[in-house]
1. At 1.4 Å probe size, with the rest of the protein present, what percent of the exposed accessible area of the chain is carbon and sulfur atoms?
2. Normalised by the residues of the chain, what does the relative contact order come to in percent, with Cα pairs under 8 Å and at least six apart?
3. Kindly provide the Kirkwood hydrodynamic radius of the chain in Å, to one decimal, from all pairs of distinct alpha carbon atoms.
4. Could you pull out every residue, at least 5 positions away or on a different chain, whose amide H is within less than 5 Å of the one on Glu134? Hs are placed 1.01 Å off N in the peptide plane, and Pro or chain starts have none.
5. Could you work out [θ]222 nm for the chain from helices alone, using -39500 (n - 2.57) per DSSP H run of at least four and dividing by all its residues? Round to the nearest 500 deg cm²/dmol.
6. Return the long-range amide H neighbours of Gln96 (sequence gap of 5 or more, or a different chain), with a cut-off of under 5 Å between placed amide H atoms.
7. Return the single residue from Lys161, Lys63, Lys17 with maximal mean-square fluctuation; model: Gaussian network over the chain, springs between Cα atoms under 10 Å.
8. For the range 88-166, take the convex hull of the Cα atoms, compute a quarter of its surface area, and give me that in nm², please.
Amino acid sequence: LFFSEVGDRALIEKTTKGTSAWNLEISGPGKMQVLGNSLFVLERHTIYLGDENIVRLDLSTMKPERIFPELRNGITQLLALNDGKTLAFNELKSQQVLLLNTENPASKPQAVQIASSYPRALGQWRNCLLVASEDNHQLSFVAPNQKTPTVLGEVSLEGYKDELPNIRNLTVNPETGAIFLRSSRVPRLWEPQNGKNSVYRFTHSYWTSQCE
């Protein structure tokens with residue numbers, strides 16, 4: 001088990017033998033995913049979007065290596081896909097998701113443009129990568145295993161924008177394909193103080209048939 005603490009550059013490793021702190025000088029470590037013998041860590045330099053990187057940590061040597069020579073454009077999510085080698089991540093400000101072959105991390109990630117604003121949350125069901133976009137309340141379904149990954153289709157959630165003003169996270173039931181979306185929003189000072197913090201469950205034959 002790996003986790004980080006707010007304001008600390010270290011990663012904490014918890015095993016049956018105890019707890020260890022690895023002082024790796026990763027700035028603002030965030031989301032983490034394990035693929036193979038590597039831990040991939042989202043690195044953030046400030047609280048603002050547009051200065052992120054992904055750090056690959058070799059679990060045999062605990063040696064960190066930054067994947068990209070330049071900072072990225074609004075990464076908030078990392079997701080290890082079920083093929084055991086692909087790391088998916090979003091770039092909010094570029095309106096895209098990217099697929100990195102972690103067996104060859106020096107290779108250029110494949111980009112998939114999402115025709116919506118702020119692709120925020122990622123999930124997977126069977127052969128689909130699911131992308132929930134924050135501003136225009138849309139679910140996109142990407143085929144990540146194709147030679148050229150493409151968007152298979154989209155479903156509008158516009159009718160739920162009052163209940164889900166800011167989609168932040170997405171989870172999928174692996175058995176049924178039911179999608180759970182979480183929204184969180186802190187009201188502004190001049191608004192009624194009833195923050196929209198909620199979870200909604202969606203099912204639809206469209207994506208279950210597309211993703212078999």
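1. After summing per-atom areas, the C and S share lands at 48 percent.
2. So the answer I get is 9 percent.
3. Roughly 18.2 Å, rounded to one decimal.
4. Arg120
5. Taken over the chain, the calculation gives -500 deg cm²/dmol.
6. Glu91, Ile114
7. Answer for the Gaussian network model of the chain: Lys17.
8. Working: hull surface 21.4 nm².
It is 5.3 nm².
The values are calculated or read from the model by the stated rules, or taken from the named source; none is laboratory data. Just so you know, these numbers come straight off a predicted model, no measurement behind them. All accessible areas refer to the heavy atoms of the entire protein, side chains included, with ligands and DNA or RNA removed. Shrake-Rupley method; radii C 1.70, N 1.55, O 1.52, S 1.80 Å.
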